[in-house]
Amino acid sequence: MMDDPSFDEYVSEIETTLRMVSLIIRKRGRDILGSFNVTPPQLNALNFLRHGSLTMGELGQKMYLACSTATDLIDRMERNGLIQRERDTSDRRVIRLKVTDKGNQVIDEVVDARKRYLAGVLAKVAPEDRKALVENLHKIHELMKVEEV
């Protein structure tokens, strides 16, 4: 399979197409974020924090940010009411970051706006093709998750 010239062509075409789709989604996502006055790194932080409180160091590691960069990001988000700092109940020296109700609302509204955009695009695709697309994207994702470990 790997030495089949058509396989190499498929790999090249799939990689290029995924990159182009990702670029469009990223640009459209930034346009959507602009109307919510949230930056892409802030949305990433909100998404990490939405799944449970983290310390500044833990968030910085997950986002591959230097401590000073993470601190600046969190300071801005706290001023905008998106997150709050709280003392850890088991160790008062530890500060945990939590998403506020406003932060959760922003995430929900951004996700809804992204879904509306994607729905508009997918409405032009036949139902059976949408189903096949979802199934194949799930397959690729599962294979990539196994490779990631």
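Just one residue in the set 33, 65 is farther than 30 Å from residue 89 by Cβ and either surrounded by 12 or more Cβ atoms within 10 Å (Cβ to Cβ) or of a type in the set (Ser, Thr, Tyr) (or both); that residue is 33. Residues that are of a type in the set (Gly, Ala, Ser) and more than 17 Å from residue 65 (Cβ to Cβ) were ranked within segment 6-52; the one that is farthest from the chain's Cα centre (by Cα) is 6. Exactly one residue out of 134, 110 is aliphatic (A, V, I, L, M), part of a helix (DSSP H, G or I) and in contact (Cβ under 8 Å) with a residue 24 or more places away in the chain: that is 110.
In summary, residue 63 fulfils each of the numbered conditions (1) within 19 Å of residue 22 (Cβ to Cβ); (2) of a type outside the set (Asp, Glu); (3) without any contact (Cβ under 8 Å) to a residue 12 or more places away in the chain with the single exception of condition (3). (1) within 27 Å of residue 35 (Cα to Cα); (2) surrounded by 15 or more Cβ atoms within 10 Å (Cβ to Cβ): which one isn't true of residue 58, the others all being true? Condition not satisfied by residue 58: (1).
Of 49, 43, which residue is in contact with a strand residue (DSSP E or B) (Cβ under 6 Å, 6 or more places away or on another chain) and either part of a helix (DSSP H, G or I) or not hydroxyl-bearing (Ser, Thr, Tyr) (or both)?
Testing whether each residue is in contact with a strand residue (DSSP E or B) (Cβ under 6 Å, 6 or more places away or on another chain) and either part of a helix (DSSP H, G or I) or not hydroxyl-bearing (Ser, Thr, Tyr) (or both) leaves just 49.
Going through (1) in a helix (DSSP H, G or I); (2) within 24 Å of residue 32 (Cα to Cα); (3) touching a residue at least 12 places away in the same chain (Cβ under 8 Å); (4) not aliphatic (A, V, I, L, M) one by one, residue 81 falls short only on (1).
Here, each number is a calculation from the coordinates, and none is a lab measurement. Owing to the predicted nature of the structure, the values given are computational and were not obtained by experimental measurement. Quick reminder, even Gly has a Cβ in these numbers, built from the backbone with ideal geometry, and neighbours come from all protein chains shown.
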